[in-house]
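The values are calculated or read from the model by the stated rules, or taken from the named source; none is laboratory data. Because the structure is a prediction, the values reported are computed rather than measured. We place every Cβ from the backbone using ideal geometry, glycine too, and count neighbours over all the protein chains shown.
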């Protein structure tokens, strides 16, 4: 009886402590349902509404400006009611009639179907972007977590031990970060910053070995010069956009080339490899095959065959395109992501579990 009474008192004490902790410990913002978005991009035409990535916008949380970072030179802050209106429940934003926000309807390729950018004097979307910070009550993930631990064991081990790690980015103009406004805003650098928060003692270096405008065919031809003379621990293979253009290459050839690049990196450099897919280019662009889903499948199969990690960028963008129009994410209005687009690449990489 004496022992039972002690056990009862101990259990009562533990239960009391548990209830007290539940009452006093505040859950993180994500657990409350809030989702803070920084620098989401839009192009707005006339007074037509455009969707946020998420609906259910928190009132009082919205900030709209003309530059990606508030600290960027010449940044203009736009005012609700004067320059734009918001439907907080539906998650939409629109210009007003007398808005200072550039009118995308004035773009030379606005609503053009099957367009040839060479026929336009300026086909860039950069002059029309606005950038929005906000909070939403929605907390939907953009991509399911992908367990790639079996392919990145050595990489993780080096991060944990704090020994020097060399990441080489081998890819096309997207991998080169063309049209991102700051090198630190490229998704590779953003991912490295994320890794440093997960592994505080890590020592990571990024080397750029990109070939803007080229394909995996040239990547194989230049492998020795761009990869063979370096000492990578991890190689990021970012190809597919140019392969999927009209006159590019078949998905099967693309797959074979990716396997070759991955195997060469593993065999000759003892490096681990990440193959990542890319998004659909502008659906109204004349020179795309518009079969990116086939090239995405080829990239996924190549990673499986070569026993290397895979990152599903395509899947992230498809969820975004379900709500947002393509020009709002494309700096060149064709196939180059803007700063927010690089953030979407980051989200894909952040969901890789290793």
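Quick notes
- Checking the stated criteria, residue 335 turns out to be under 25 Å from residue 235 (Cα atoms), under 19 Å from the mean Cα position of the chain (by Cα) and buried (at least 19 other Cβ atoms within 10 Å of the Cβ).
- Counting residues in region 187-195 that are buried (at least 16 other Cβ atoms within 10 Å of the Cβ), under 19 Å from residue 326 (Cβ atoms), at pLDDT 95 or above and in the same structural domain as residue 270 (by TED's automatic domain parsing) gives one or more.
- Any hit, region 93-101, residues being in the same structural domain as residue 57 (by TED's automatic domain parsing) and under 21 Å from the mean Cα position of the chain (by Cα): no
- The residue of region 271-296 that is surrounded by the most Cβ atoms within 10 Å (Cβ to Cβ), among those that are farther than 21 Å from residue 352 by Cα and out of contact with any strand residue (DSSP E or B) (no Cβ under 9 Å at 6 or more places or on another chain), is 292.
- Residue in region 250-258 that is assigned by TED's automatic domain parsing to the domain that holds residue 299 and outside any helix (DSSP H, G or I) present: yes
- Restricting region 46-76 to residues that are more than 25 Å from the chain's Cα centre (by Cα) and loosely packed, with under 14 Cβ neighbours inside 10 Å, the residue that is farthest from residue 136 (Cα to Cα): 74
- Region 199-218: number of residues that are in contact with a strand residue (DSSP E or B) (Cβ under 6 Å, 6 or more places away or on another chain), more than 14 Å from residue 241 (Cβ to Cβ) and not in a strand (DSSP E or B): 1
- When residue 240 is tested against (1) buried (at least 24 other Cβ atoms within 10 Å of the Cβ); (2) in contact with a strand residue (DSSP E or B) (Cβ under 7 Å, 6 or more places away or on another chain); (3) closer than 30 Å to residue 110 by Cα, only condition (2) is not met.
- Restricting the search to strands (runs of 3 or more DSSP E) fully inside region 85-176 and requiring at least 3 residues that are free of Cβ contacts under 8 Å to residues at least 60 places away in the same chain and farther than 27 Å from residue 289 by Cα gives 92-95.
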